[in-house]
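These notes are about the structure you will find just below.
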Amino acid sequence: METDQKNELKMISSYEDYHTKYEQSVKDPESFWSEIANTFVWHQKWDKVLAYDWEIPTTKWFTNAKLNITENCLDRHLEFRADQTAIIWEPNDPSQPSKKYTYRELHAKVCQFANVLKNKGIQKGDRVCIYMPMVVELTVAMLACARIGAVHSIVFAGFSSEALATRINDSSCKMLITADGAYRGTKNIPLKNIVDEALKRCPIIESTIILKNTAQDIHWVPGRDSWWHLESMDVSNYCEAEIMDAEDPLFILYTSGSTGKPKGMVHTIAGYMVYTSFSFLNVFQYQQGDIYWCTADIGWITGHSYIVYGPLAVGATSVIFEGIPNYPGYDRFWQVCEKHQVSHFYTAPTAIRALKKHPSSLVEKYDLSCLKVLGTVGEPINVEAWQWYNDIVGNNNCPIVDTWWQTETGGIMISSLAGVTPQKSTFATLPLPGIQPTLLTPKGTELSEKEAEGILAIKFPWPGMARTIYGDHNRYKKVYFSAYPGYYFPGDGALRDIDGNYRITGRVDDVIIVSGHNLGTAPIENAINQHPLVVESALVSYPHEIKGNALYAYVITYDKDEKEENLHKEIKEIVSRLVGPIAKPDKIQIVTGLPKTRSGKIMRRILRKIANNDIASIGDTSTLLNPDVVNDIIKNKK
Ligand code: PRX
């Protein structure tokens, strides 16, 4: 193992330094990234830093290098910070004790569970699905997979059995790791029941490992099910790390597409490790001794990159929170910040908007002088929410990093570096070194002037980018590299100010971001269409004070006289069951038809305007196949 502990990842510490590094990263990307990569532990260094061709498309970083990411996240810290806390776990119920795990303890747990996985027949390259609550064992399970070269596919534990089954089957997972139940506020979610339902449709799953978490009764399938604690008994906590290739897959994580089934984004080991560590350290300006808390669920990319891999790779102390922001009260976040002396707090604008509705005394009753840096992620933040976050939570004393990125990008792409580069409310601001964004016209011409608004695109590869969609490289090409050949197309619109700061204006495709969750319209419409009385449906978004966007469903039904309110309830139930509770439409309007072009395409632009009460700007509808339908919909809108 080649290691150079003196060679720690260096932080960009001034605005001048940022500019120098940015220029270097554009002029000579290979030397820029190899300098950073050299601070990690490798079994063998690379032959070539970057090889890519976006026509195919293919991107490879650190060709032929060999490593194991867990040696970088765990083993290498044992020499210098074995007794430092790696993870602070805060339970759902504040009357229960929180727990701390040192790097030494986490290392031992990961190695032991890696041996459990091996004993159950899991080998390098096998896919393992993880469907778990926010407990430390979730992190242990994912790192144990990485230790032995298995590919984890974590499914957010709020997803339905249907959504879970689809994801298990898509990547043909051999094993599922779950828990008996999950605590969420006052609720006790029967995870194992949901799993049992899902696995009826997943013959490929050979075994499950179940963590005893809530100790509720569960149904047991002999020969398939086993308990985490029993399987771990008398198992050694020594486990040699599997030597992996830089471009071997580390994990698959599903994200919604604008059409069809979810996309299993594949992230590979070395590039992802280098990029998440580099971006974590620089965006948050994390210093040893700081306590960092990202409130996301590990089931989303934010949790993968900025609760687990990024922070652990640089030896940080990261908080894992099992609960929700409003249990037992709307002051829970601030109580946890004070309790654990959190210095870095990273959350979603939706949470900020929801908490802002409550008296600021709920924040002010805690001593939050420990806070140094605040962050947001997942959706645009409005000025009012930004101001409240800055004034009330940050006491006007903490830089705020508004971080733009995606499941596909692996790590933060555009953001200020806390206290180092200028911030501007509602702007994600400047690209990180190594990231080359641009704005395009709809026809694909680059907008050369500084101040401009257009379609956001990325011109050059970065190490953290997803390499493919599991089992469907053509779709990867079509979605990200075909709209504007030569560019990566993230699906967002943006504007740029005179100083080069970017502000993300929202999606330019059929993905809707609700409470920071990325939802494709197609799977929700498909679910609505499952109702026996539904002929067709169309889903659009409208602005919502807390959630950012809410969902408005237009539904054509067969002429049966079922009570409308029953129908609404049933439709919401179906969506909740097939997609998940977060995807339930907020408003449903039964209509006689949907506005369509002559080629049969639903005119969502018009439906969006109606949902937004923006009737005046609908414009000419005479070219539609069925112009009358528009007036009908407007007349009957409630
Ligand atoms: O539309 C952008 C929005 O979230 C999308 C990515 O969603 P997902 O893959 O679920 O990842 C979310 C967490 C990284 C983006 O295409 N988005 C993300 N961050 C921001 C944002 N929109 C505006 N400002 C942001 N800071």
Residue check for GLY486: in the same structural domain as PRO422 (by TED's automatic domain parsing), under 22 Å from PRO349 (Cα atoms) and in contact (Cβ under 8 Å) with a residue 12 or more places away in the chain: no
Single residue of ILE524, ILE528, ILE504 found to be crowded, with 18+ Cβ neighbours inside 10 Å, at negative phi and in contact with a Phe, Trp or Tyr (Cβ under 8 Å, 6 or more places away or on another chain): ILE504
Out of LYS596, LYS584, LYS635, sole residue that is out of contact with any helix residue (DSSP H, G or I) (no Cβ under 6 Å at 6 or more places or on another chain), of a type in the set (D, E, K, R) and within 23 Å of ILE524 (Cβ to Cβ): LYS596
Qualifying residue in the stretch 61-77 (condition: of a type outside the set (S, T, N, Q), loosely packed, with under 14 Cβ neighbours inside 10 Å and modelled with pLDDT of 95 or more): no
Within the stretch 505-544, tally of residues that are in a loop (DSSP other than H, G, I, E, B) and within 14 Å of the ligand (Cβ to nearest atom): 5
Residues of the stretch 75-99 classified as in contact (Cβ under 8 Å) with a residue 60 or more places away in the chain and assigned to a strand (DSSP E or B), total: 6
Lone qualifier among GLY271, GLY303 - being under 24 Å from ASP492 (Cβ atoms), more than 16 Å from the ligand (Cβ to nearest atom) and surrounded by 19 or more Cβ atoms within 10 Å (Cβ to Cβ): GLY271
Unique match (being surrounded by fewer than 21 Cβ atoms within 10 Å (Cβ to Cβ), modelled with pLDDT of 95 or more and part of a strand (DSSP E or B)) among SER236, SER226, SER153, SER172: SER226
Among the candidates VAL308, VAL283, residue that is over 24 Å from GLY419 (Cβ atoms), within 16 Å of the ligand (Cβ to nearest atom) and outside any loop (DSSP other than H, G, I, E, B): VAL308
Scan of the stretch 480-494 for residues that are within 12 Å of the ligand (Cβ to nearest atom) and either farther than 15 Å from THR441 by Cα or out of contact with any helix residue (DSSP H, G or I) (no Cβ under 9 Å at 6 or more places or on another chain) (or both), ordered by number: TYR480, ASP492, GLY493, ALA494
Positions within the stretch 314-358 being part of a strand (DSSP E or B) and within 16 Å of the ligand (Cβ to nearest atom), in sequence order: PHE345, TYR346, THR347
Test: residue in the stretch 442-451 that is within 13 Å of the ligand (Cβ to nearest atom) and under 26 Å from GLY548 (Cβ atoms): no
Residue identified as within 28 Å of ASP17 (Cβ to Cβ) and basic (Lys, Arg) among LYS357, LYS424, LYS365: LYS424
Counted residues, the stretch 561-603 - those being under 18 Å from HIS544 (Cα atoms) and of a type in the set (Lys, Arg): 2
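Each row is one residue, and each column tells you yes or no for (1) in contact (Cβ under 8 Å) with a residue 12 or more places away in the chain; (2) among the acidic types (Asp, Glu); (3) touching a Lys or Arg at 6+ places or on another chain (Cβ under 6 Å).
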site: ILE574; (1), (2), (3): yes, no, no
site: VAL579; (1), (2), (3): yes, no, no
site: LYS584; (1), (2), (3): yes, no, yes
site: LYS587; (1), (2), (3): yes, no, no
site: ILE590; (1), (2), (3): yes, no, no
site: LYS601; (1), (2), (3): no, no, no
site: THR621; (1), (2), (3): yes, no, no
site: LYS635; (1), (2), (3): no, no, no
Residue among TYR254, TYR292 that alone is more than 30 Å from LYS478 (Cα to Cα), among the hydroxyl-bearing types (Ser, Thr, Tyr) and either in contact (Cβ under 8 Å) with a residue 24 or more places away in the chain or in a strand (DSSP E or B) (or both): TYR292
Residues that are surrounded by 22 or more Cβ atoms within 10 Å (Cβ to Cβ) and either under 21 Å from the mean Cα position of the chain (by Cα) or among the aliphatic types (A, V, I, L, M) (or both), drawn from the stretch 239-248: ALA241, MET244, ALA246
In the stretch 381-397, residue nearest to the ligand (Cβ to nearest atom) [restricted to those that are crowded, with 22+ Cβ neighbours inside 10 Å and of a type outside the set (Phe, Trp, Tyr)]: ILE381
All positions within the stretch 239-251 that are part of a loop (DSSP other than H, G, I, E, B) and either within 16 Å of the ligand (Cβ to nearest atom) or closer than 16 Å to LEU117 by Cα (or both): CYS239, GLU240, ALA241, GLU242
GLY434 on the phi > 0 side of the Ramachandran plot, more than 12 Å from the ligand (Cβ to nearest atom) and surrounded by 22 or more Cβ atoms within 10 Å (Cβ to Cβ): yes
Count of residues meeting criterion [free of Cβ contacts under 8 Å to residues at least 40 places away in the same chain, surrounded by fewer than 24 Cβ atoms within 10 Å (Cβ to Cβ) and within 16 Å of the ligand (Cβ to nearest atom)] in the stretch 364-380: 1
Enumeration of residues in the stretch 495-504 that are within 9 Å of the ligand (Cβ to nearest atom) and not basic (Lys, Arg): ILE504
Tally of residues being in contact with a strand residue (DSSP E or B) (Cβ under 7 Å, 6 or more places away or on another chain) and under 15 Å from PRO431 (Cα atoms) across the stretch 10-40: 1
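The values are calculated or read from the model by the stated rules, or taken from the named source; none is laboratory data. Not measured: the values here are computed from a predicted model. Glycine gets a Cβ as well: all are built from the backbone with ideal geometry, and neighbour counts include every protein chain shown.
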